[in-house]
1. Tilt of helix B:10-21 relative to the longest C-alpha principal axis of chain B, in degrees (0 to 90, nearest 10)?
2. Per residue in the stretch B:176-194, which ones lose no less than 50 Å² of accessible surface when going from chain alone to all protein chains (1.4 Å probe)?
3. Leaving out ligands, DNA and RNA, what percent of the accessible area of the stretch B:136-181 is carbon and sulfur, probe 1.4 Å?
4. Hey, rough spin-label estimate for A:ASP184 and A:GLU62, points 7 angstrom out along Cα→Cβ, what's it come to in nanometres?
5. For the protein assembly as shown, report the accessible area per residue in Å² (1.4 Å probe, heavy atoms, rounded to an integer).
6. Separation of the stretch A:59-109 and the stretch A:151-217 by C-alpha centroid, Å?
7. How far is helix B:36-45 tilted off the main Cα axis of chain B, in degrees rounded to 10, range 0 to 90?
8. In deg cm²/dmol and to the nearest 500, what is the mean residue ellipticity at 222 nm of chain A if only DSSP H runs of at least 4 residues count, each as -39500 (n - 2.57), divided by the residue total?
There are 2 protein chains.
Amino acid sequence: MRFGVLGTGRVGQTLATKLVELGHEVMMGSRSRDNENAVAWAASAGDAGSNGTFADAAAFGEVLVNAVSGDGTLPALEAATADAIAGKVLIDVANPLDFSRGMPPSLTVSNEDSLAEQIQRAFPATKVVKTLNTVSAPVMVAPEIVPGEHVLFVSGDAADAKNIVVELLQSFGWPAGSIIDLGDITTARGPEMFLSLWVRLMLKQGTPIFNIGVQTG
Amino acid sequence: MRFGVLGTGRVGQTLATKLVELGHEVMMGSRSRDNENAVAWAASAGDAGSNGTFADAAAFGEVLVNAVSGDGTLPALEAATADAIAGKVLIDVANPLDFSRGMPPSLTVSNEDSLAEQIQRAFPATKVVKTLNTVSAPVMVAPEIVPGEHVLFVSGDAADAKNIVVELLQSFGWPAGSIIDLGDITTARGPEMFLSLWVRLMLKQGTPIFNIGVQTG
């Protein structure tokens with residue numbers, strides 16, 4: 001399958017590399033075609049990896065990944081253009097973190113709204129699925145590095161899009177039983193607001209290599 | 001030890017009953033001395049249980065428990081009086097939930113503030129410790145009804161107060177290793193904001209008898 005990965009940071013690079021390893025073709029998108037991170041990634045990724053603008057990557061991908069920062073997300077998708085992302089699955093893994101006052105960050109949107117909902121409202125023809133935002137990049141593509149049973153959340157309005165995402169997550173190594181479909185896109189508020197606790201746990205434990213499990217009585 | 005439990009709802013009744021079972025003396029406080037829930041609870045609790053106003057319960061308790069609703073918390077503590085709660089440990093188990101627009105609730109305070117911090121600012125001479133707000137009442141006092149390893153969070157500025165609370169939680173059945181001290185009172189934002197995800201998980205699973213564990217790689 002062809003993927004467009006928007007964003008050139010650690011998360012974007014990790015996901016793009018995993019997708020290539022799994023046999024997919026990936027174009028990494030950024031504001032400019034000569035973004036150093038994206039050029040270097042494409043050079044290292046072999047024939048299946050390329051890079052371009054946000055619009056290039058959006059046009060290339062059958063499925064898109066938003067791995068841009070929270071602040072950068074809507075501008076990146078506007079640059080990608082509504083037409084290019086219409087009808088496509090957009091996997092939103094971003095968190096709307098505000099580091100302007102240092103650590104720990106606050107959220108730029110929360111409580112009665114979420115970044116995922118902002119995206120879905122701005123691009124109603126795109127099938128937004130929120131997932132993976134509750135774990136760090138290494139865990140996203142190698143859940144087995146965290147021992148025991150632990151979970152991922154999926155939120156989105158389109159059932160067919162969520163099915164595609166769940167299959168992709170399974171190909172990353174997430175057991176079917178570890179993926180919790182919370183419901184429609186408004187349920188993304190929960191996993192996004194969880195970041196407040198996630199950051200405190202990361203600071204407390206001194207590592208981003210962890211995750212939560214849900215035990216039910 | 002003598003406890004003052006502020007609040008007569010399910011959480012207050014569950015905690016008050018557990019404290020009596022553990023051999024403590026408990027006064028349940030409410031707005032009026034003739035609150036039906038509190039009168040009934042005191043009648044059923046034997047010699048170790050009594051009820052009174054918020055001020056009565058606050059004066060009685062060596063350690064206090066805030067089990068009032070989020071909205072009712074600051075008014076209840078004002079009624080308890082700052083003098084009566086000064087120097088005491090106040091275990092804040094409340095969540096600032098707003099059900100005015102139905103389910104799921106939003107939070108009345110979040111992101112850059114929390115209910116626990118509001119309490120601590122309003123009553124600086126009281127030692128506020130946030131805990132237990134991330135599990136339902138039955139789980140609070142019987143963690144063994146949820147299988148496997150799962151955790152509680154503790155937030156507060158006063159180390160001596162947190163030590164008292166951790167000992168109390170252990171007497172409820174929480175293993176020492178399951179209690180995560182997140183840090184100062186500002187860290188209560190994480191467990192309070194977790195409620196957004198908690199409510200969605202409760203709706204998804206159809207039961208409030210669950211909890212999260214933290215697995216670290």
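1. 70 degrees
2. B:LEU182, B:MET193
3. The computed percentage sits at 56.
4. 2.9 nm
5. Roughly 38 Å² per residue, with all protein chains present.
6. 17 Å
7. Roughly 90 degrees between the two axes.
8. It lands at -12000 deg cm²/dmol.
The values are calculated or read from the model by the stated rules, or taken from the named source; none is laboratory data. Only a predicted model underlies this, so the values are computations on that prediction, with no experimental measurement involved. Cβ coordinates were reconstructed from backbone atoms using ideal geometry, including for glycine residues, and neighbour counts include every protein chain displayed. Areas reflect the complete protein model, heavy atoms only, side chains present, ligands, DNA and RNA absent. Shrake-Rupley method; radii C 1.70, N 1.55, O 1.52, S 1.80 Å.
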